[in-house]
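Rule-based calculations on the coordinates, nothing more; no lab input. Since the model is a prediction, treat every value here as computed from it, not as a measurement. Because the Cβ atoms are built from the backbone with ideal geometry, glycine has one as well, and the counts that use them run over all protein chains shown.
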Amino acid sequence: MRLKTVEAGAEREAYLPLLLLADDSEQQVRGYMQDGVLYVAEQGGVEVGIVLAIPTGGAEIELKAVAVAPESHNRGIGKQMLALAIPDLNARGYDRIVLGTGNSSIGQIAFYQKAGFRMWKIERDFFSPEKGYPEGLEENGIPLRDMIWFERTN
C-alpha cells in the first residue's frame with residue numbers, strides 16, 4: 001500500500017463518498033474537505049481509503065476523516081493507513097494528533113485505542129440537527145449523540 005496526497009481543489013470532490021463514510025453530515029464535510037492534508041491509500045492500483053488531517057494550531061493536527069471503502073473493510077487497510085500517515089504527520093512537525101468519533105461507534109473506539117490513541121474528552125450533544133446531522137441517528141442500537149475525543153502524542 002502507498003499513500004498519495006491530493007491538494008485542495010476540484011480533484012478532492014471525487015473523494016466525497018469516502019469522506020461521507022467518516023461523517024454523516026455533508027454540510028460538515030463540505031465545510032472542511034478542502035482543508036489540510038488529504039492522503040489517499042492505493043493498493044494494487046485501486047484507491048481503497050482516505051485520511052484527512054487538518055491543522056488545529058501549533059504542533060496539533062486533527063484526523064478529521066479516516067475511511068476505508070466498504071468493499072475493502074476487514075483487511076487491515078485502516079491500520080496500514082494510520083501506520084503510514086502518522087509518521088508523515090510527525091515529520092511535518094505535528095506532535096499531537098487528535099480525532100473525534102461518535103459515542104455509538106464501538107468498532108472505531110476500539111480501532112483508535114489499538115492504534116495508540118487515548119480517550120481525551122467527551123463533547124456532549126455534538127451530533128445535532130444544528131450541525132447538519134439528521135435527528136435520530138443511531139449505530140449499534142445506540143443513539144448517536146456525543147463526540148468522544150482521542151489524542152496521541154509523541
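Taking amide H positions as modeled 1.01 Å from N, with prolines and chain starts lacking one, the residues under 5 Å from Thr56 and 5 or more places away or on another chain are Ile61, Glu62.
Listed from fewest to most Cβ neighbours within 10 Å, the set Trp149, Trp120 follows the order Trp120, Trp149.
Please report the relative contact order for the range 45-99, taking Cα pairs under 8 Å with a sequence separation of at least 6, and give it as a percent rounded to a whole number. RCO, the range 45-99: 41 percent.
Taking other C-beta atoms within 10 angstrom as a stand-in for reagent exposure, Met33, Met119, Met147, Met1 fall in the order Met119, Met1, Met147, Met33, fewest first.
Backbone phi angles across the range 119-134, fed through the Karplus curve with coefficients 6.51, -1.76 and 1.60 (θ = phi - 60°), yield HN-Hα couplings of 4, 10, 7, 10, 9, 5, 6, 5, 8, 10, x, 4, 9, x, 9, x Hz in residue order; Gly and Pro are listed as x. When the alpha-carbon atoms of the chain are used, the pair Rg, Dmax equals 14.8, 41 angstrom.
Normalised by 2.2 N^0.38 Å, where N counts its residues, the alpha-carbon radius of gyration of the range 9-64 equals 1.15.
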